[in-house]
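Trainee: Here it is: the structure, laid out below.
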């Protein structure tokens, strides 16, 4: 668990710890990075590290939570600024555009084999946005959040693992067209099961 206070020095120390972890990940395997490596590279005290974090994984959790909150603000800004109302424009495409520019963190989390951090941060982003707009009712909220988090996280992770081989627009189109792909697969399956004579 991380415990970074709102004090500027604590935030600065947490940021230095993440930057050190990021820098070290370019020269060492994640599993070989120690707290000692981080505090030496960040030029912070060991006690300072442990005031902010319980473990190295917490450094990733903290940064991911922070970046996802920024992502939520970006998505909200896109919605307000562009007055857009289709799912590809209000969520999928802006979400992918955001992560296209901030993918290094996701790459580091994938290297750490702690991908659940990404899903947890996504849920935190939605919860943060929801707390700002309590008047917006989302039916079956628990299922909404579970489905949205699972799908968005899985697509994001696969996209990063695939080297962002599709543009955000192409992946958004693929996401939106998934329903017609499902129908086509169903039709093909039915034709295979019950071939017409």
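Trainee: Neighbour counts of other C-beta atoms within 10 Å: give me 118, 110 arranged from fewest to most. Provide the component values of the computation, followed by the final result.
Mentor: Working: 118 25, 110 17.
Fewest-to-most ranking of 118, 110: 110, 118.
Trainee: Quick check: residue separation of residue 113 and residue 183 times 0.36 nm, minus the Cα distance between them. What number comes out in nm? Write out the running numbers ahead of the final one.
Mentor: Details: separation 70, 0.36 × 70 = 25.20 nm, distance 3.43 nm.
Once the chain is fully extended between residue 113 and residue 183, it gains 21.8 nm.
Trainee: Right, next: Given the -39500 (n - 2.57) contribution per DSSP H run of 4+ residues, what per-residue ellipticity at 222 nm results for the chain, rounded to the nearest 500 deg cm²/dmol? Numbers along the way, then the final one.
Mentor: On the way: 10 runs with 142 residues, N = 197.
Dividing the helical sum by the residues of the chain leaves -23500 deg cm²/dmol.
Trainee: Once the Cβ-Cβ distance between residue 15 and residue 132 is put in as r, and R0 is 25 Å, what FRET efficiency do you end up with, to the nearest 0.05?
Mentor: Numbers: r = 25 Å, r/R0 = 0.98.
Efficiency computed from Cβ-Cβ geometry: 0.55.
Trainee: Give me 115, 137 ranked fewest to most by other Cβ atoms within 10 Å of their Cβ, as a rough exposure proxy. Mind showing how you got there, number by number?
Mentor: Details: 115 16, 137 7.
By the 10 Å Cβ count, ascending, the order reads 137, 115.
Trainee: In addition: Pick from 149, 20, 47: which residue has the top mean-square fluctuation in a GNM of the chain where Cα pairs under 10 Å get a spring?
Mentor: Of 149, 20, 47, the Gaussian network model singles out 47 as fluctuating most.
Trainee: Express in nm, to one decimal, how much length is gained between residue 27 and residue 169 on full extension, taking 0.36 nm for each residue of separation and deducting their alpha carbon distance. Before the final figure, lay out the partial values.
Mentor: Details: separation 142, 0.36 × 142 = 51.12 nm, distance 3.30 nm.
Stretched fully, the residue 27-residue 169 segment lengthens by 47.8 nm.
Trainee: Distance between Cα centroids, the range 146-194 to the range 10-80: provide it in whole Å.
Mentor: 32
Trainee: So which residue, out of 18, 49, 144, gets the largest mean-square fluctuation from a GNM of the chain using Cα contacts under 10 Å as springs?
Mentor: 144
Trainee: Right, here's the next one. Determine Rg/Rh for the range 81-197; Rg is computed over alpha-carbon atoms and Rh is the Kirkwood hydrodynamic estimate from the same atoms. Show your work: numbers first, answer last.
Mentor: Working: Rg = 17.3 Å, Rh = 16.4 Å.
Expressed as Rg/Rh, it is 1.05.
Trainee: In whole Å, what are the extents of the range 16-68 along the principal axes defined by its C-alpha atoms, from largest to smallest?
Mentor: Principal extents (Cα only, largest first): 26, 24, 16 Å.
Trainee: Just to check, using Stokes-Einstein with a Kirkwood Rh over alpha carbon pairs, what's the diffusion coefficient of the chain at 4 °C and 1.567 mPa s in µm²/s?
Mentor: Details: Rh = 18.9 Å.
Approximately 68 µm²/s, per Stokes-Einstein.
Read-outs: derived from the displayed coordinates by stated rules, not from any lab. All of these numbers come straight from a predicted model, not from anything done at the bench. Here the Cβ is made from the backbone with ideal geometry for all residues, glycine too, and neighbour counts use every protein chain on show.
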